[in-house]
Every structure is written in structure tokens, then in C-alpha cells.
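Structure first, then comments.
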Amino acid sequence: QVQLVESGGGLVQAGGSLRLSCAASRRTFSTYTMGWFRQAPGKEREPVIAIRWDGSVSYYIDSVKGRFTISRDGAKNTVLLQMDSLKPEDTAVYYCAATGSTRLTVPGVEHWGQGTQVTVSS
């Protein structure tokens, strides 16, 4: 069974950095769009950022532009999310996702990671 395993969440002060990692169990993901969603308490899950098979990147939240960077390592079947200049409003559970589509939408995701908590204190 295909799996996405996340790591790297935690507690950080505002202005700090965290790096999330998502390891895919199969090389099949090299052709998928990979990305990250987040879900804050009481809110719906929303797409944050995605990277396609050709390396092109899409941002879904304007406030993370210039602060979040996504990359993928095909040899390791890994997707990384570097989060810098974190703000309290970035606090959420972050989910890695894989889809055969070129866009990230909740209904379109075929595989989800288990989620990792990111907490940014003020």
C-alpha cells in the first residue's frame, strides 16, 4: 500500500523556521503533484503549496509566498517544505498529499500523510 510518512513538525517561536519532510513509499510519486495542506482548529483543510512532476510550484495562500519553499528529491522519493519567518497564524496540522491532478484540491487527493502539528508561539 502506498504511504506518505511525514516528519518535522513541532513548536517554534514566531520568526523561526521548521522543515517538514514527506517520504513516499513508491517511486510512482515521481509523476504526481505533491503538496501540503493545513488545517487549523475549527477551520477547513486548505491547500498551501504544491510542486508538480516538472518542478513547477503553485502557492495557494498568498501569505506564505516568500516564506515557504517546496522541493522534491526524486532519488529519495521525498518532498520537503521549508517554512521560514513563521507566524502564529501558520499554526495548524500540516498534511502531505499526492494527486494525479495538476492542482491541489481536497477531493482530488489520492494519498494523504498522517499529519504533523506545527505550532508557532507569539
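Which members of the range 1-39 meet the condition of being in a loop (DSSP other than H, G, I, E, B) and more than 17 Å from Phe68 (Cα to Cα)?
Gln1, Val2, Gln3, Ser25, Arg26, Tyr32, listed by residue number.
Which residues, taken from the range 40-77, are touching a residue at least 24 places away in the same chain (Cβ under 8 Å), surrounded by fewer than 18 Cβ atoms within 10 Å (Cβ to Cβ) and not in a loop (DSSP other than H, G, I, E, B)?
Ser58, Ser63, Gly74, Lys76
Which of the numbered conditions does Val109 fail, given that it passes all the others? Conditions: (1) β-branched (Val, Ile, Thr); (2) under 15 Å from Gln3 (Cα atoms); (3) not in a loop (DSSP other than H, G, I, E, B).
(3)
Within the range 25-35, is even one residue modelled with pLDDT of 95 or more, within 22 Å of Gln117 (Cβ to Cβ) and not aliphatic (A, V, I, L, M)?
Yes - at least one qualifying residue is present in the range 25-35.
The values are calculated or read from the model by the stated rules, or taken from the named source; none is laboratory data. These numbers were taken from a predicted model, which means no experiment stands behind them. Note that we place each Cβ from the backbone using ideal geometry, even for glycine, and neighbour counts take in every protein chain shown.
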